[in-house]
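What follows is a set of notes on a single structure, which appears directly below.
The values are calculated or read from the model by the stated rules, or taken from the named source; none is laboratory data. None of these values were measured; they are calculated from a predicted model. All Cβ positions, even for glycine, are placed from backbone atoms using ideal geometry, and neighbour counts span all protein chains on display. When the accessible area is computed, the model is the full protein with side chains, heavy atoms only, and any ligands, DNA or RNA have been set aside. Shrake-Rupley method; radii C 1.70, N 1.55, O 1.52, S 1.80 Å.
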Amino acid sequence: MQRKIAYEILLASFKDGQYANLGLKNRLKELKPIHRGFVTELVNGVLRNYYLLEYQFRDYIKQDTKTELKLLMAMSVYERFYLGKDDYVAVNEYVNLAQSKSEKSLLNAVLRKIDTFKEVDENSLEDISIKYSLPLWIVKMLNKQYDEEMFSFLINDLKEEPEVYYHLNHHKANYSDLNIDGINRIDEDIFSSSHSLVNEKSFKEGLYYVQDYNSSKIVKMLDLKPESVFLDVCSAPGSKLFNALDVVKGENAYANDLHVHRINLIKSKARQLGFEDIHYLNENATKGFIEYQNFFDRILLDVPCSGLGVLKRKPDLRYHIKPEDIDDIVKLQEMILDNTAKLLKVSGIMVYSTCTINTKENRKQVDKFLSKHPEFILIEDKMLMERKDSDRFYAAKLLKLK
């Protein structure tokens, strides 16, 4: 049952483009809690290592072998060499998941042939693509954009296991109020835990919420004040909005999203956290906000992006995004930037941010914006990558002079 569910989640990701984290969220309910960790590890492990797993059996199959069969082989290889489960029961279960007699026979034969795990050197970009299970176009792009040291860091960084971080809700609690074992306090806002807290009473009461460590540093660049009129342009899921509300009064905060259902999610979480009087907008960020020109003191522009900075947390994203998608994303970002610039008051601050490590969406996008908007200057920009088990973000602080 466990392997069948993991297989179906992976198949939906590879063939239908469904994100595995959503598949896990929906399907883990079918299992006893004791079995959920194994399924989560199996799904994410295969996603993080798929090219390297495929490398182990590629010489034994035809190039056009069905995705279904290759996934079953990859899962079995992962169990054997990463989880140490080299037993007949596991192999037999994978064989039984194959559809036809010929497929069962092929799967069984291939799995019996793999007796050692083949390592991959880093003699070429193609080798790196296999070893780190990254599409070759991403490897080539990062290699072109960064020097050797940073390229090596970013590639190796993807092997790190992501940590779940929590942001303290200062409106409801202090650290002394949590009374939870296993808390690791990182700073005044962020902490981690030795176990998941999402089912804790204190979480449901809104004493804290999930937010990545590096993500929590973005809003601080806005230099917010209680009286600042603040806009979060692409607000969902809302964590950066809630960061701002540590400082900004609720009646001065505006949360926008293109999709009504995402606005409703923000509203629901805001109620849980005790944030009131927020203004909710449903504008198209590329052309909306007609009545809000020169209205805001501070704007957070956390734009849609390729997401290459969160591959540790969303490993299947690397298989979903295509090179041609980047141009569309960059154009969308440019349109949002141009439209949002009109909303900021003179002497106002706007922070442009992404969760990608692609410089075309980051500094190059900002430089292009500045060339078209001489009324803005760049105060600072940086890659947020302080903790290795955290996601990677880019943020640029822009000041409107006139």
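Laid out as a table, the results:
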| read-out | value |
| --- | --- |
| Residues of segment 197-216 classified as in contact with a His (Cβ under 9 Å, 6 or more places away or on another chain) and surrounded by fewer than 19 Cβ atoms within 10 Å (Cβ to Cβ), total | 1 |
| Complete set of residues in segment 347-390 that are acidic (Asp, Glu) and in contact with a Cys (Cβ under 6 Å, 6 or more places away or on another chain) | Glu361 |
| Failed item in (1) more than 30 Å from Asn199 (Cα to Cα); (2) among the hydroxyl-bearing types (Ser, Thr, Tyr); (3) surrounded by fewer than 18 Cβ atoms within 10 Å (Cβ to Cβ), with Tyr51 passing the rest | (3) |
| Single match in Asn339, Asn282 (criterion: of a type outside the set (Lys, Arg), in contact with a Ser or Thr (Cβ under 6 Å, 6 or more places away or on another chain) and modelled with pLDDT of 95 or more) | Asn339 |
| Flag if Asp127 is over 21 Å from Lys382 (Cα atoms), assigned to a helix (DSSP H, G or I) and either modelled with pLDDT under 95 or open to solvent by less than 60 Å² (accessible area, probe 1.4 Å) (or both) | yes |
| Complete set of residues in segment 360-402 that are open to solvent by 80 Å² or more (accessible area, probe 1.4 Å), within 28 Å of Asp212 (Cα to Cα) and hydrophobic (A, V, I, L, M, F, W, C) | Ile379 |
| Long-range neighbours under 7 Å by Cβ, at least six apart or interchain, first residue touching a residue at least 12 places away in the same chain (Cβ under 8 Å) within segment 94-118, second in a loop (DSSP other than H, G, I, E, B) and of a type in the set (Val, Ile, Thr) | Val110/Ile61 |
| Segment 62-71: number of residues that are open to solvent by 20 Å² or more (accessible area, probe 1.4 Å) and at pLDDT 90 or above | 4 |
| Members of segment 246-263 that are among the hydrophobic types (A, V, I, L, M, F, W, C) and either modelled with pLDDT under 95 or surrounded by fewer than 23 Cβ atoms within 10 Å (Cβ to Cβ) (or both) | Val247, Leu258, Val260, Ile263 |
| Single unsatisfied condition, Leu28 versus (1) among the hydrophobic types (A, V, I, L, M, F, W, C); (2) open to solvent by 40 Å² or more (accessible area, probe 1.4 Å); (3) modelled with pLDDT under 90 | (2) |
| Scan of segment 288-312 for residues that are charged (D, E, K, R) and open to solvent by 10 Å² or more (accessible area, probe 1.4 Å), ordered by number | Glu291, Asp297, Arg298, Asp302 |
| Pair list, Cβ < 9 Å and 6+ apart or interchain, from segment 374-402 residues that are in contact (Cβ under 8 Å) with a residue 40 or more places away in the chain to residues that are among the aromatic types (Phe, Trp, Tyr) and surrounded by fewer than 16 Cβ atoms within 10 Å (Cβ to Cβ) | Met385/Phe153 |
| Test for Lys140: is it within 25 Å of Gly307 (Cα to Cα), loosely packed, with under 12 Cβ neighbours inside 10 Å and at pLDDT 90 or above | no |
| Residue, most open to solvent (accessible area, probe 1.4 Å), within segment 72-104, restricted to residues that are of a type in the set (Gly, Ala, Ser) and modelled with pLDDT under 90 | Ser102 |
| Residues that are among the small types (Gly, Ala, Ser) and more than 26 Å from Lys388 (Cβ to Cβ), drawn from segment 214-237 | Ser228, Ser235, Ala236 |
| Candidate set from segment 208-227 (those that are of a type in the set (Ser, Thr, Tyr) and assigned to a helix (DSSP H, G or I)); member that is farthest from Lys312 (Cα to Cα) | Ser216 |
| Matching residues in segment 256-279 - criterion: being of a type in the set (S, T, N, Q) and not in a helix (DSSP H, G or I) | Asn256 |
| Subset tally (residues that are over 23 Å from Val247 (Cα atoms), assigned to a strand (DSSP E or B) and without any contact (Cβ under 8 Å) to a residue 24 or more places away in the chain) for segment 169-207 | 2 |
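For every residue, the table says whether it meets (1) modelled with pLDDT of 95 or more; (2) open to solvent by 20 Å² or more (accessible area, probe 1.4 Å).
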position: Ser194; (1), (2): no, yes
position: Ile218; (1), (2): yes, no
position: Val229; (1), (2): yes, yes
position: Cys234; (1), (2): yes, yes
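To keep it simple, each residue is scored yes or no on (1) under 33 Å from the mean Cα position of the chain (by Cα); (2) outside any helix (DSSP H, G or I); (3) farther than 23 Å from Lys388 by Cβ.
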{"position": "Gly84", "(1), (2), (3)": "yes, yes, yes"}
{"position": "Glu93", "(1), (2), (3)": "yes, no, yes"}
{"position": "Ala109", "(1), (2), (3)": "no, no, yes"}
{"position": "Asp115", "(1), (2), (3)": "no, yes, yes"}
{"position": "Lys118", "(1), (2), (3)": "yes, yes, yes"}
{"position": "Trp137", "(1), (2), (3)": "yes, no, yes"}
{"position": "Lys144", "(1), (2), (3)": "yes, no, yes"}
{"position": "Glu149", "(1), (2), (3)": "yes, no, no"}
